[in-house]
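Contents: one structure, followed by commentary.
The values are calculated or read from the model by the stated rules, or taken from the named source; none is laboratory data. Remember, it's a predicted structure, so these values are computed and weren't measured experimentally. So basically every Cβ, Gly included, is an ideal-geometry build from the backbone, and we count neighbours across all protein chains shown.
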Amino acid sequence: MKKTMAFLLSCVLMGGMAACQAAPENGASMPQDSAAASQKDESSQPLPASQEEQDTPESAHHILVAYFSATHTTEQVAKRLAQGMGADLYEIVPEEPYTEEDLDYSDTGSRTSIEQNDPQARPAIAGEVWPLDSYDVVFVGYPIWWGEAPKILATFLERYEWTGKTVIPFCTSGSSGIAGSVETLQPLAEGATWLEGRRWEKNATGEELLAWVEELGVLNG
Ligand SMILES: Cc1cc2nc3c(=O)[nH]c(=O)nc-3n(C[C@H](O)[C@H](O)[C@H](O)COP(=O)(O)O)c2cc1C
């Protein structure tokens, strides 16, 4: 919270979030070769869904909500979204967790500053590869870091073969929109149909999220 406030304050002082987005010199530049390797790690095992998700009355198990969240904001939205749809939930967990120092956007030498400035950065994901075969719709959630998705999203997208799947991005942020990050991510999931993404506040209600899902028309796939 302290960090978010400090971030927002620094944004106000810098004349708006556009200034914050511009921090990395080359953060928007990503490799175009998706490689689309299909689950390179053969020992794929699904992680257990929480009891909450299992108990939900509705069921949309052809839908996965995959998310990365460094400070639990996106996580809250992802959980509400998955629960509302009765979809499965997968957390993209970094092998090396992000510390407070790592997340220091005011330090050009911090881990996130370095990663976001490096087009080749692919932070490792912990655990086994979550199998995507049974899902035809994948919501992908993340925080905005300097106007972009964290590089671990590139690691995630490049793990899979996306042909025939529908991808729907969503994010949380101090105020930045989702558009720039989607432009960067799309080439990493070639063959997928991308529906319009959306930025959410952490207190977005289940009703609001479900109304969005209904607009998208993906529930009865
Ligand atoms: C390294 C870093 C860079 C950030 N860059 C931006 C930004 O460019 N624009 C913005 O609105 N918020 C930015 N934020 C704020 C986060 O997007 C916001 O707090 C988000 O909701 C955190 O999500 P999480 O708790 O799921 O990690 C940044 C935060 C961090 C740690």
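A compact table of results
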| item | result |
| --- | --- |
| Top-ranked residue of segment 206-221 - restricted to ones that are in a loop (DSSP other than H, G, I, E, B) and loosely packed, with under 12 Cβ neighbours inside 10 Å, ranked as modelled with the lowest pLDDT | G221 |
| Any hit, segment 124-137, residues being part of a strand (DSSP E or B), crowded, with 21+ Cβ neighbours inside 10 Å and among the hydroxyl-bearing types (S, T, Y) | no |
| Top-ranked residue of segment 165-221 - restricted to ones that are β-branched (V, I, T) and in contact with a Lys or Arg (Cβ under 7 Å, 6 or more places away or on another chain), ranked as nearest to the ligand (Cβ to nearest atom) | T172 |
| In segment 125-164, residue nearest to the ligand (Cβ to nearest atom) [restricted to those that are out of contact with any strand residue (DSSP E or B) (no Cβ under 7 Å at 6 or more places or on another chain) and of a type in the set (S, T, N, Q)] | S134 |
| From A70, A66, residue being closer than 23 Å to R199 by Cα, touching a residue at least 12 places away in the same chain (Cβ under 8 Å) and more than 8 Å from the ligand (Cβ to nearest atom) | A66 |
| Some residue of segment 107-124 being within 11 Å of the ligand (Cβ to nearest atom) and touching a residue at least 40 places away in the same chain (Cβ under 8 Å) | yes |
| Selection from segment 153-184 of residues that are closer than 16 Å to V65 by Cβ and aliphatic (A, V, I, L, M) | L153, L157, V167, I168, I178 |
| From the options E148, E75, E91, residue that is charged (D, E, K, R), closer than 25 Å to T205 by Cα and buried (at least 21 other Cβ atoms within 10 Å of the Cβ) | E148 |
